[in-house]
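A quick write-up on the structure given underneath.
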Amino acid sequence: MHWTTRCATVFAVLSLFVAAKADPPALRLLTVSGQGEVKAVPDMASLSAGVTTTATTAKDALAANSRAMNAVFDTLKRLGVADKDMQTSNFSVYPQYQECKPNVTCPRHIVGYQVSNTVNVTVDLGKAGAVLDALVSSGSNQIGGVAFSIRDPKPLLAEARAAAVKDAIDRAETYAKAAGVTLGPIQSIGEGEAEAPRPMYKTMAMLAPAAGAPPPPVAAGEQTVSASVTITWILQ
């Protein structure tokens, strides 16, 4: 074979090899995010209650506080509140000092002690009013905030995720139709941030009933469970 012919043949083979190794055409992609929300009425309430006592000695203040808190715990148990749903959140003993008249210097003497004991309680929402009434009647003189929550948010999160996927598909179909293209197979799906319902806190200062008064009404409203998703399609 002539040398020139051999060179041309080798060049042609190399050209075919390079062509075979070339990158495939870039895919045309469409990436869309979707959001989903589900609203539900809370079914749980968490509140804090406690007792503050004072006495001239720490021993007496502590003893009085222990008697009062035992009465609070007994009341909660009679209402069917389980031990796992009661948790001490604060316990403190503070000295109380002699008060001085304005602009008058006086010795810093301890004149007594204050003991505070607070417990967090979680109950079914329907029991919240009765629990508040019973706590005050049993001697609790500190009522904190109330938080509303949903016992099992997983089914609601599943609904929110499904709604997020549907929202992404609806958006993608709208964009594809407007651009004159067709959605192909899904290349990837990525979950964004999913948010379970956060406890909604409300002050209980005005809800704490006087002894003997009817249980206070408790309005829980609604809570929102949300999810987001990002989906990428290959365009055809």
### Message
Which numbered condition in (1) within 26 Å of the chain's Cα centre (by Cα); (2) outside any helix (DSSP H, G or I) is the only one that T105 fails?
### Response
(1)
## Note on the structure
Checked the stretch 53-72 for anything more than 23 Å from R108 (Cα to Cα) and surrounded by 15 or more Cβ atoms within 10 Å (Cβ to Cβ); matches are A64, N65, A68, M69, A71, V72
### Task
Just give me the residues in the stretch 135-144 being assigned to a helix (DSSP H, G or I) and surrounded by 20 or more Cβ atoms within 10 Å (Cβ to Cβ), in sequence order.
L135, V136
### Message
Quick test for you: out of V38, V10, V72, pick the one residue that is farther than 30 Å from G139 by Cβ and either modelled with pLDDT under 90 or in a helix (DSSP H, G or I) (or both).
### Response
V10
### Query
Can you name every residue in the stretch 41-53 that is among the hydrophobic types (A, V, I, L, M, F, W, C) and assigned to a strand (DSSP E or B)?
M44, A45, L47, A49, V51
#### Entry: Qualifying position, being touching a residue at least 60 places away in the same chain (Cβ under 8 Å) and not aliphatic (A, V, I, L, M), among Q87, Q114
Q114
### Task
Would you be able to tell me the number of residues in the stretch 145-167 that are buried (at least 20 other Cβ atoms within 10 Å of the Cβ) and either at pLDDT below 85 or closer than 26 Å to T52 by Cα (or both)?
2
## Note on the structure
In the stretch 110-135, anything within 27 Å of the chain's Cα centre (by Cα) and either outside the structural domain of L76 (by TED's automatic domain parsing) or among the hydrophobic types (A, V, I, L, M, F, W, C) (or both) is listed as V119, V121, V123, L125, A128, A130, V131, L132, L135
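The values are calculated or read from the model by the stated rules, or taken from the named source; none is laboratory data. These figures come from a predicted structure and were not determined experimentally. Every residue, glycine among them, receives a Cβ derived from its backbone with ideal geometry; neighbour counts consider all protein chains shown.
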